[in-house]
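Asks: Can you keep this structure in mind? I'll have questions shortly.
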Amino acid sequence: MRAIATWIGLMSVLASLWAQQSYQARPTDDVWYYDNAFNPGLTAILRCWGDGTHAVDPTGARPALNFSYSLAKWSLASFRAGVNYQLLEARLIVTQTQPPGYTAEEGTQYPLEARDLSHTNFSEATWDYNASDNPYPGATIFGTGSMANYRLDAPFAIPIDLLANGDAFETYFNQAVSTTGELGIAFVSTMNPAQQGGTRFYRFYSRNDAGGRGPLLQLVYRVAGDVNGDGCADDADLLSVLFHFGQTGSDLPEDLNRDGIVDDADLLMVLFNFGNGC
Ligand SMILES: [Ca+2]
Ligand SMILES: [Ca+2]
Ligand SMILES: [Ca+2]
């Protein structure tokens, strides 16, 4: 028994090195959605603004005059359709151009929002503002931009934590993996440029920026219920949780919900996902 315990312990240490995987990518397409947008599919700079109260036109009209959106999509082809993934970290990082047209306080008051997108059936190469089936921002705000890196003398990164809104993004992500294999995101903001000479709005680099500063999607994930990182939630994972039941600490691979203790909540995560990815 002691030998088995040692073996399982050793395997757990090894598993912890493999159980979490990372994904990082720029969009395959991004567009500036605005009636007077110039070169909307291939511009190096995306733009967002609203009317001070709304980030998305409440009438459902296309963005014009009072509104400007930016849309982007990422390929999720490296994820397996039908598998339920647990996202341990998920963030978007966009890079604001220099100088920003707003103060840090205004950026906090009228943050850049990352929302769901109605569909991903668009391409920047063939983008047409007047097309009948253009995608539209949804109502779910996955996260908002932080002004922690705000500065005037250089472009700065605006990170958006996509897990800020509970399970909303994880659900959206898994639906995307198992349907189109593409993740669509709408960038919008309530920030109103009108009283500021038209200069107060978000300007950030697109994927077409020659400097490679386009929106970056970063994920840390694992197959849900998979403790040992072999891509499948099965009896080996169940045994591993049972064997470490009651153990406390940080970064325990058996602590699936990452609350610092291996307990029945983690056991349920394996049971609910039993067979996932296998
Ligand atoms: Ca583009
Ligand atoms: Ca496993
Ligand atoms: Ca736990």
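Any read-out appearing in this document is the output of simple, stated calculations on the displayed coordinates, not a laboratory observation. From a predicted model like this one, the values you see are computed outputs, not experimental measurements. Every residue, glycine as well, gets a Cβ built from its backbone with ideal geometry; the counts of neighbours run over all protein chains shown.
Asks: For the chain, just give the cysteines left without a disulfide-compatible partner, judged by no other Cys Cβ under 4.7 Å.
Replies: C48, each lacking another Cys Cβ under 4.7 Å.
Asks: What share of Cα pairs, in percent, lie more than 17 angstrom apart in region 98-147?
Replies: Of all Cα-Cα pairs in region 98-147, 54 percent lie more than 17 Å apart.
Asks: Return the distance in nm (one decimal) between the two label points of a simple spin-label model at Y23 and T126, each offset 7 Å from Cα along Cα→Cβ.
Replies: Placing both labels 7 Å along Cα→Cβ, they lie 2.5 nm apart.
Asks: Treat the count of other C-beta atoms within 10 Å as a stand-in for reagent exposure and order C278, C48, C232 from fewest to most.
Replies: C278, C232, C48
Asks: Taking the Cβ of F245 as the center, what net charge do the other residues with Cβ under 9 Å away carry, scoring Lys and Arg +1 and Asp and Glu -1?
Replies: Neighbour charge sum, excluding F245 itself: -4.
Asks: Before rounding to the nearest 500, sum -39500 (n - 2.57) across all DSSP H runs of length at least 4 in the chain and divide by the residue total; then give [θ] at 222 nm in deg cm²/dmol.
Replies: -5500 deg cm²/dmol
Asks: On to the next question. Would you kindly state how much longer the chain becomes between Q195 and F272 on full extension, computed as 0.36 nm times their sequence separation minus their alpha carbon distance, in nm to one decimal?
Replies: Between Q195 and F272, full extension yields 22.4 nm more.
Asks: OK, next. Let me check the size of the chain from its C-alpha atoms; what are the radius of gyration and Dmax in Å?
Replies: 21.5, 75
Asks: When the Karplus curve 6.51 cos²θ - 1.76 cosθ + 1.60 is applied with θ = phi - 60°, which whole-Hz ³J(HN,Hα) does each residue of region 251-266 get, with x for Gly and Pro?
Replies: Rounded to whole hertz, the list is 6, 6, x, 6, 7, 5, 8, 6, 9, x, 9, 8, 8, 5, 4, 6.
Asks: About its Cα centre, how strong a charge dipole does region 21-222 have in debye, to the nearest 20, once Lys and Arg get +1 and Asp and Glu get -1 at the Cβ?
Replies: Dipole about the Cα centre, nearest 20: 380 debye.
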